[in-house]
Amino acid sequence: MLGSCFNIAAGTIETTPNPIVKRIFKRDYPKWIIDEVKSDKSKLNGLVELISLCEGKNVEEIYIATAAIPPIFKKLFEDGSFERSQKKSNAQNQVASWLLKNQSRYVSALLNNISHAHTKIQRTSFESLLDIIKSESIAISFPVKTYKSLIINILKSSQYQNLRQGFMDKLNQYDDLRYYFYREINKVLETVDSEDLPQWHERVLAMLCDIETFVTKDSGFSFFCTPQPDGNEDESMEEIPEVTEPKSKTSLLDAQRPNEHKRIFSICWLAFLKIPIKSDALYKTILENMHVKIIPHLSQPTKLIDFLTDSYNAGGVISILALNSLFTLINEHNLDYPEFYNRLYSLLDMNVTHSKYRARFFKMVNLFLTSTYLPVYLVAAFAKRLSRLCLSAPPAAIINIIPLVFNLLLRHPQCLVLIHRMDTSVEGDAFDFNEINPEKCGALQSSLWEIQGLTNHYLPRVSKLALAFSESLAVAPYKLDEYLDHSYATLFNDEEYGDEVALADSVKKEIFDGWDALF
């Protein structure tokens, strides 16, 4: 084994066979080197041997050497051995250069070993790399290049799933690590080949959505390697900065400012959303998290208007998932969307009654129709279209819809004409289901005969809900949440384990009256 060894006395670097390697390998060989390096700074050449062990194949030696080096480097960082300056002698600067070279070699070994087949080596290499980042950050500055390399190696690793959990635990625990992650992650994506970008895009999104902790002015800080703020800095009157490009240089002090965290978070997400989304699954994941984990922490949420309006106009499930975020912008950030209700009305088709997001959608529809200032024709159109969907919807969807329609009539008494009108028939119904403009669909000239038909539904629970329209409406509205979680599974359980259902006194011989006369 050859090693690059520094001669402290002569101030020179030699590449010669290290005498240590000539010794017989014993079980405590790595520990012997560790003790030698720790006890005498003049014997730093042992670092070369330890790093060589990290690059080897013996699992036990890799483990011992990997865990032993960070404390040694920490001590050298603290006493300034890594720093080069004109105030130091030539020999001291050469030592610093030699240490930096070997640190780089050690970091490369760690980055390689985080994907090691043995979980113990993965975990130790990951923790040791973070220890090196911490020591260098406190002594000199945050090692952005090393941290960026760590992120890249995690994302491309064959052990990604194992590494991701440990890394996410750190990001959720430490504000400074999370800050630099937001700052560098889009730069990481810029280095990826186009053919690999979809997988990296998916993995980065999973990391971003797994972050559960956010810095606020009242939350305080939890730092891994950045000095704790002294509390003298007052940001109470500081305006949130404009979302622009990241600064070319970032001081450690930036990670101590709540507004800077918000700014860098905004830059990160807005840049990420500019990347073309080629997978519906990714699109859905983004929209599912948008109103909970993204919008509340952006410095300027209105910058998402174009993205969300395009999503809302896309149709199908994408439009449904965009509703929550659009509501937030409309309700809290004064977004003006003139065609919003027309688009919402057009989403009411058979597909939505079979969607996995059905309950979420109907809940949002109810929310948007809460205002008593909505035009009568608009409320009538929604009530009628929802009732028409019940004719071909699965029972669980009908149970979602009927309480929603009932509440609409209670909230808007002008629409009660839809259940009181007796001069309409199925054949003469003025309502046009294919008309997507609620003002022109003719709902106010129609009636809710579909609800009357549901009183004869084969499922008792559905027929009972439909019968409520024939009784007094001077009752409290339905608590919609109690009806939105139904599925075939819940209905089956209710029927199987519920109270015994009353049966007819006599069994009919015909399904419909006059059935035999047809044959």
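The values are calculated or read from the model by the stated rules, or taken from the named source; none is laboratory data. Only a predicted model underlies this, so the values are computations on that prediction, with no experimental measurement involved. Cβ coordinates were reconstructed from backbone atoms using ideal geometry, including for glycine residues, and neighbour counts include every protein chain displayed. Side chains are part of the model used for accessible areas, which takes the heavy atoms of the whole protein and leaves out ligands, DNA and RNA. Shrake-Rupley method; radii C 1.70, N 1.55, O 1.52, S 1.80 Å.
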Segment residue 123-residue 145, extension gain: residue separation times 0.36 nm, minus the distance between their alpha carbons: 5.8 nm
Pairwise label distance in nanometres, residue 482 with residue 430, each label 7 Å out on the Cα-Cβ vector: 3.6
Cα atoms only: what Rg and Dmax, in Å, come out for region 142-193? 10.8, 31
Carbon and sulfur together cover what percent of the accessible area of region 333-380 at a 1.4 Å probe radius? 52
Obtain the nm distance between the two label points defined at residue 392 and residue 494 by a simple spin-label model: each point lies 7 Å from its Cα along the Cα-to-C-beta direction. 2.4
Spread of Cα-to-Cα distances over 5 Å intervals beginning at zero, given as percent, for region 252-334: 3, 14, 25, 24, 16, 9, 5, 2, 1, 0
How many angstrom lie between the C-alpha centres of region 427-450 and region 163-208? 51
Could you work out the pair-distance distribution P(r) of region 398-474 from its alpha-carbon pairs, with 10 angstrom bin width and percents rounded to whole numbers? 17, 48, 32, 2
For residue 463 and residue 349, compute 0.36 nm times the residue count separating them, minus their Cα-Cα distance, and round to one decimal in nm. 38.8 nm
Peptides 49-56, 90-97: what's the order by average Cβ count within 10 Å, highest mean first? 49-56, 90-97
Set the Förster distance to 41 Å, then compute FRET efficiency between residue 373 and residue 156 from the Cβ-Cβ distance, nearest 0.05. 0.15
Compactness check, region 313-432: C-alpha Rg relative to the 2.2 N^0.38 Å globular estimate gives 1.08
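Set the Förster radius R0 to 45 Å, insert the Cβ-Cβ distance between residue 87 and residue 273 as r into 1/(1 + (r/R0)^6), and round the FRET efficiency to 0.05. It would help to have the intermediate numbers written out before the result.
Working: r = 49 Å, r/R0 = 1.08.
That pair, residue 87 with residue 273, gives E of 0.40.
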Roughly speaking, what is the centre-to-centre gap between region 335-400 and region 58-115 when only Cα atoms are used, to the nearest Å? 64
